[in-house]
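Chemist: Shown below is the structure under consideration.
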Amino acid sequence: MSLFNMSEKAYLMLANGQVFEGRSFGAKGTVIGEVVFTTGLTGYQETLTDPSYFGQIVTQTFPLIGNYGVNSEDSESARSYVSGYIVREWCNAPSNFRCEGNINDFLTEHNIIGIHGIDTRRLTRVIREAGVMNGVITTENVFEKKDELLAQVKAFAVREAVKNVTNTETLTYEPEEKKYRVVLFDFGYKRNIRRELVKRGCEVIVVPAYTTAEQVKELAPDGIMFSNGPGDPAENVDIIANIREIQKLGIPIFGICLGHQLMALANGGRTEKLKYGHRGANQPVIDLESGLTYVTSQNHGYAVIGDSIDPSVGRVSHINANDKTCEGIHYTSVNARTVQFHPEAHGGPLDTAYLFDDFVETMKEGK
């Protein structure tokens, strides 16, 4: 008997009432979230542990997930933040010299409810055409309580996302040879941001999302990093107010993803929710300053409206080659550059890792 037939039934129901029947893997039960899709061929462990997916049910468009297993080194945080997980097929016999377990056991350990055996191509088309929508995965009979579940699905919203993922304590990470000190704001940061800084000689002090300008000043950093993170950026009113004060310190700032969006909001810009977002490792981005196009890793459902940035404050430095949305801002009123994509790209392309070198060079000039 195949593994597909051995597992019990599971159901995915979208907010429009559409039901997909599949099989259960990972944890059992019922979970509601925002259904999104990501196009990455690899990096599923990094996806599962990226805090930016808080409150979301993640669909993998690549049909086979788990073929190289999971390990203790590739996680981007200490736990999984996805609400649920959707794949066409999961591999129960992974093969890789770094493999330490399979994805089913990983999901079970982290209490993540998964569903496999559904047509993920069809589901992706629904999301692309209708836009991101809420949904529920359940191992119960969805038809017996469809109306009740639909009401809960339609009422769901991702709220206080940053508050739910940020660390509440300050942690310090030392390089072998310390050259610079960077304060890294934890809005839901990926560990590889920290690793990229440490390997460039940066002492990294990871601070909670609500750290104030006065607290930053006491740490006397050479640079400040605003990290990625989940949720609607405009919801973070207190953080945006903090950023307005932090940028007055004159310390070089580098922002990634949510950090990019929050920086724009702090400087009079606006953000918008995209129809289905950019999630995957193959997003083309044009650098308007050099004319070069880079392949980037991305994970976001909101974007900065480029035209909302006052030219006296900064200029759009990067745009998405597909939909022309803003992918980067070079500020002229303060010492800051931000990007929407992930230059740390783990897993993903390394095209834009040079941005960390540029940030280090800016700190060097400041010293």
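Chemist: Per 0.36 nm of contour for each residue apart, how much would the distance between LEU249 and GLU235 grow if the chain were fully extended, relative to their Cα-Cα spacing?
Modeler: That pair, LEU249 and GLU235, stretches by 2.6 nm at full extension.
Chemist: Given a Förster distance of 45 angstrom, what is the FRET efficiency for ASN16 paired with GLU169, based on the Cβ-Cβ distance and rounded to 0.05?
Modeler: So the FRET efficiency works out to roughly 0.60.
Chemist: Charges only on Cβ, +1 for Lys and Arg, -1 for Asp and Glu: so what's the dipole of the chain about the Cα centre, in debye to the nearest 20?
Modeler: So the dipole magnitude of the chain works out to roughly 500 debye.
Chemist: If you take volume of the Cα convex hull per residue in Å³ from the coordinates, which of [x] 130; [y] 195; [z] 226 do you get?
Modeler: [x]
Chemist: Just from its helices, what would the mean residue ellipticity at 222 nm be for the chain, if runs of 4 or more DSSP H residues each count -39500 (n - 2.57) and the sum is divided by every residue, rounded to the nearest 500 deg cm²/dmol?
Modeler: -6500 deg cm²/dmol
Chemist: If you don't mind, there's one more thing I want to ask. Given the peptides 165-175, 187-197, arrange them by the average over their residues of other C-beta atoms within 10 Å, most packed first.
Modeler: Answer by packing, highest mean first, reads 187-197, 165-175.
Chemist: List the pairs from LYS178/LYS275; LYS199/LYS273; LYS190/LYS364; LYS28/LYS154; LYS190/LYS248; LYS145/LYS275 whose alpha-carbon separation is above 32 Å, in the order I gave them.
Modeler: Table pairs above 32 Å Cα-Cα are LYS178/LYS275; LYS199/LYS273.
Chemist: Restricting attention to region 55-104, which GluC sites (Glu not before Pro) occupy a DSSP loop and are surrounded by at most 14 other Cβ atoms within 10 Å?
Modeler: Hits after loop and neighbour filter: GLU73, GLU100.
Chemist: Across region 146-161, in residue order, what do the Karplus-derived ³J(HN,Hα) couplings come to in whole Hz, using 6.51 cos²θ - 1.76 cosθ + 1.60 with θ = phi - 60° and x for Gly and Pro?
Modeler: 4, 5, 4, 5, 4, 5, 5, 4, 5, 8, 6, 8, 7, 10, 6, 5
Chemist: Something else about it: How charged is the neighbourhood of GLY347? Take every other residue with its Cβ under 15 Å from the Cβ of GLY347, and add Lys/Arg as +1 and Asp/Glu as -1.
Modeler: Value of the local net charge: -3.
Chemist: Oh, and also: By its C-alpha gyration tensor, with a ≥ b ≥ c as the square roots of the eigenvalues, how is region 260-367 shaped: rounded for a/c under 1.5, else prolate for a/b larger than b/c, else oblate?
Modeler: In terms of gyration-tensor shape, oblate.
Chemist: Still on this structure: Each residue of region 115-131 in turn: what ³J(HN,Hα) in whole Hz from Karplus with 6.51, -1.76, 1.60 and θ = phi - 60°, glycine and Pro shown as x?
Modeler: Going residue by residue, I get 9, 10, x, 9, 7, 5, 5, 5, 4, 4, 4, 4, 5, 5, 7, 9, x Hz, with x marking Gly and Pro.
Chemist: Give the long-range amide H neighbours of GLY255: residues separated by 5 or more places, or on another chain, with amide H under 5 Å away, using H modelled in the peptide plane at 1.01 Å from N.
Modeler: Here PHE226, ARG337, THR338, VAL339 satisfy the definition.
Chemist: Moving on. What distance in nm separates the two pseudo spin-label positions at SER290 and GLN152, each 7 Å out from Cα along the beta-carbon direction?
Modeler: Each label point lies 7 Å from its Cα, and together they span 4.9 nm.
Chemist: Okay, next question. May I ask for the net charge around VAL153, where only other residues with Cβ less than 13 Å from the Cβ of VAL153 are counted and Lys, Arg are +1 while Asp, Glu are -1?
Modeler: 0
Chemist: Right, another one. Give the residues of region 294-334 whose amide nitrogen is closer than 13 Å to a point set 7 Å from the Cα of ASP358 in the direction of its Cβ.
Modeler: So the set is 294, 315-319, 327-332.
Chemist: Starting from the Cα of TYR210, step 7 Å toward the Cβ, then list every residue of region 218-235 with an amide N under 16 Å from that point.
Modeler: Backbone N within reach: 235.
Chemist: Read phi for every residue in region 248-262 and hand back ³J(HN,Hα) as whole Hz from Karplus 6.51 cos²θ - 1.76 cosθ + 1.60, θ = phi - 60°, with x for Gly and Pro.
Modeler: Coupling constants for region 248-262: 6, 5, x, 7, x, 10, 10, x, 10, 6, 4, x, 5, 5, 5 Hz.
Chemist: Quick one: net charge of PHE54's neighbours, Cβ under 12 Å, K/R +1, D/E -1?
Modeler: Within the 12 Å Cβ shell, the charges total -1.
Chemist: What accessible area, in Å² to the nearest ten, does a 1.4 Å probe give for GLU245?
Modeler: Result for GLU245: roughly 90 Å² accessible.
Chemist: Determine the dipole magnitude for region 260-367: charges of +1 sit on the beta-carbon of Lys and Arg, -1 on that of Asp and Glu, nothing else is charged, the reference point is the Cα centre, and the result goes in debye to the nearest 20.
Modeler: Computed about the Cα centre, the dipole is about 340 debye.
Chemist: Under 18 Å from a point placed 7 Å out from the Cα of GLU144 along the Cα-to-Cβ direction: which residues of region 93-116 have their backbone N that close?
Modeler: Backbone N within reach: none found.
Chemist: ASN282's amide H: which non-local residues (gap 5+, or another chain) put their own amide H closer than 5 Å, with H modeled 1.01 Å from N in plane and none for Pro or chain starts?
Modeler: Result for ASN282 returns GLN298.
Chemist: In region 77-118, which chymotrypsin sites (Phe, Trp or Tyr not before Pro) are in a loop and have at most 13 other Cβ atoms within 10 Å, using DSSP for the loop call?
Modeler: PHE97
Chemist: Here's something else I'd like to know. I want to check the label-to-label distance for SER312 and GLU218. Put each point 7 Å from Cα in the C-beta direction and report it in nm to one decimal.
Modeler: Going from the SER312 label point to the GLU218 one covers 3.6 nm.
The values are calculated or read from the model by the stated rules, or taken from the named source; none is laboratory data. As the structure is a prediction and not an experimental result, all values here were calculated from the model. Backbone-built Cβ (ideal geometry, glycine too); neighbour counts: all protein chains shown. Remember, those area values only see protein heavy atoms, side chains included, never the ligands or the DNA or RNA. Shrake-Rupley method; radii C 1.70, N 1.55, O 1.52, S 1.80 Å.
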